[in-house]
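J.: Structure in C-alpha cells, see below.
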Ligand code: PEP
C-alpha cells in the first residue's frame, strides 16, 4: 500500500449547524494531522462555502452528492460546478444512502461520475453489499457490478478513490473485521487489474467505510489493501483526528 497516499474522508451526512461546525473546524485546525494522510471533509452542501473559508489549507472539502448536469431547471439540486466554485475538490457519489434511501441506480451514479470528472473534481465512489447479499455470498457480484458501471465512466483514475462500504456496517456500530475488509479490497484490486489496468489497480486508493472509530481504525489500517477510510458518525467528533492519524 506504500505508494498510495492514505486517504481519510469525513462524511457529515445531514448533520451540523454553524455552532457545531465551528467545533469540528476547531479540532481539525488544532490537529495535529498526519501530513501523510490526505484529509477531506464533506459537509452538507449549504455549509461547503462556510467550512472551506474556516478550514486550514491542508483539509480539502467535498460535496456529498451532486446532479449529473451543471445547471438548469432542476429545482433542489446542487452541481459539481457550484461545489467547485466554493472551493470543493471532491464529490462523494453512490453513497449507500443515495442508493438505498433515494433510489439512485448504477446507471445514474455512472452518469454523475462522468460529469464530476469532466468538471475537474475528484470522485469518492462508494460501493458495497447489503446484509442479505453478503449472507447469500453475493458480496463480490454486487461490488463488481457497481464498480463496473462506475469504471465505465472514468476517464482519469488519478482523481478517483473507491470507497468499499458494506451497507450492513454503515451507522450500525457493526464494523467489517479487518480481514473481511482486506478480502474485499484485495478482490476489488484484482478486478481493477483484470478489467481496467495493472497500473490503475496498483495506484487506486480503496478506502473502507462502515462504523470506523478511534478504537478500530488502527487495526484496519494495518491491512495492505486498506488505503484509508470514509467515516460517518465519528467524523463529527474529535475522534476523527485519531482516525486521520491511524497510521502514525
Ligand atoms: C458513511 O457515511 O459513509 C459511513 C461509513 O458512516 P458511519 O461511519 O457512521 O458508519
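J.: I want to verify a result. In a Gaussian network model of the chain, Cα cutoff 10 Å, which of these has the top mean-square fluctuation: 219, 135, 165?
T.: Result for the chain, Cα springs under 10 Å: 135 fluctuates most.
J.: Suppose R0 equals 22 Å. What FRET efficiency, 1/(1 + (r/R0)^6) with r the Cβ-Cβ distance, do residue 58 and residue 202 give to the nearest 0.05?
T.: Once rounded, the FRET efficiency stands at 0.25.
J.: Where does each of 8-15, 96-103 land if you order them by average Cβ count within 10 Å, highest first?
T.: Order by mean packing, descending: 8-15, 96-103.
J.: Using the Cα atoms as the points, what is the convex hull volume per residue of the chain in Å³?
T.: Convex hull of Cα atoms, per residue: 114 Å³.
J.: Place a label point 7 angstrom from the Cα of residue 89 along the Cα-to-Cβ direction, then list the residues of the stretch 1-25 whose backbone nitrogen is under 16 Å away.
T.: Output list for this probe position: 5-10.
J.: Once you've got the GNM for the chain with C-alpha springs shorter than 10 Å, pick whichever of 72, 171, 228 has the biggest mean-square fluctuation.
T.: Among 72, 171, 228, the largest GNM mean-square fluctuation belongs to 72.
J.: How much length would be gained if the chain were fully extended between residue 5 and residue 158, taking 0.36 nm per residue of separation minus their Cα-Cα distance, in nm to one decimal?
T.: So the extension gain works out to 53.9 nm.
J.: Express in whole angstrom the spacing between the alpha-carbon centres of the stretch 153-194 and the stretch 21-68.
T.: 23
J.: Ok, one more. For residue 73 and residue 179, FRET efficiency with R0 = 45 Å and r from the beta-carbon atoms, rounded to 0.05?
T.: Computed FRET efficiency for residue 179 and residue 73: 0.35.
J.: Using r as the Cβ-Cβ distance of residue 242 and residue 140, and R0 as 30 Å, what FRET efficiency do you calculate, to the nearest 0.05?
T.: 0.45
Readers should treat all values here as calculations from the given coordinates under stated rules, not as data from a laboratory. Being a predicted model, the structure only gives us computed values, none of them experimental. For neighbour counting, all protein chains shown are included, and Cβ atoms are generated from backbone atoms with ideal geometry for every residue, glycine included.
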